[in-house]
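Notes follow once the structure below has been shown.
The values are calculated or read from the model by the stated rules, or taken from the named source; none is laboratory data. Since this is a predicted model, take the numbers as computed values, not measurements. To get the accessible areas, we keep the full protein, side chains included, count just its heavy atoms, and leave off ligands, DNA and RNA. Shrake-Rupley method; radii C 1.70, N 1.55, O 1.52, S 1.80 Å.
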Amino acid sequence: MGAESFALTLTLGGRYAGEQTWTVHPERSALIARVETNFGGVLPEVRRVQSSRMHARTFASHSYSEGDGRGKPSFETTFDRKSGVLTLRQGKDEVTAPLIGDHHDPVSLLLWLRGQHGQDVPPQRLTGGRVHVQTLHPAQGSDVNGTPAHVYLLRPGHAYVYVEQDAPHRLLRLIQPTDFGPVEANLPQARRQAQPERRRRRAG
């Protein structure tokens, strides 16, 4: 996966609720992803920044942090494979545990799903436990604004992930239950069509 950036528009009950910006770039044998979510509109104005460093091929997490982006992260995890230790820091508290196998973080899991192509996959390890990934079939009947998508249900949490079936397998829609109701993050249709439109203009 090369460098890319994209933005998702957040809605709650069909009303504007903010924007989420993704930037991903390779760095040596790793991928670095930064996800900035700015809630607003019908939701309280809150900024959330998630940073993930992961293996470039397997998307196993090397480290993950989240906070408001204006100071030290409020939550951090690191996965030291050489010493076999998982370290979790939250505020001033720090705990360690044996690292058994590869783990995902909330960002690396979504990027990993882009490469599963609608296959059934086993449960995945996260820091807080296992996440069960249910592939919803038939995937051929699912689309987002006319774009065919593979659809996954993540449990616990009951979050839905819509991934474009064809390359480059973009994240088209995310649905996350919250205390306010289900928040949707959608890739604007105009941005998905922009690249083919540019090709048509060059061809003409």
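Considering only 15, 114, 173, the Gaussian network model of the chain with Cα springs below 10 Å gives its largest mean-square fluctuation to 15. Note: relative contact order over region 86-135, using C-alpha pairs below 8 Å and six or more positions apart, is 27 percent.
Name the most mobile residue of 187, 136, 113, meaning the one with the largest mean-square fluctuation, in a Gaussian network model of the chain with Cα contacts below 10 Å. Taking springs between Cα atoms under 10 Å, the residue moving most is 136. Rounded to a whole number, what % of the accessible area of the chain do carbon and sulfur atoms account for, probe 1.4 Å? It is 50 percent, rounded to a whole number.
For residue 100, the accessible surface of its heavy atoms amounts to roughly 120 Å² (probe 1.4 Å, protein chains only, rounded to the nearest 10).
Using a Gaussian network model of the chain in which every pair of alpha carbons under 10 angstrom is joined by a spring, one finds that among 108, 74, 51 the greatest mean-square fluctuation is at 74. Across the chain, Cα pairs under 8 Å and at least six residues apart give a relative contact order of 14 percent. When restricted to Cα atoms, the chain yields an Rg and a Dmax of 17.6, 61 Å, respectively.
At 1.4 Å probe radius, can you tell me the per residue accessible area of the chain in Å²?
On the way: 11470 Å² over 204 residues.
Accessible area per residue, the chain: 56 Å².
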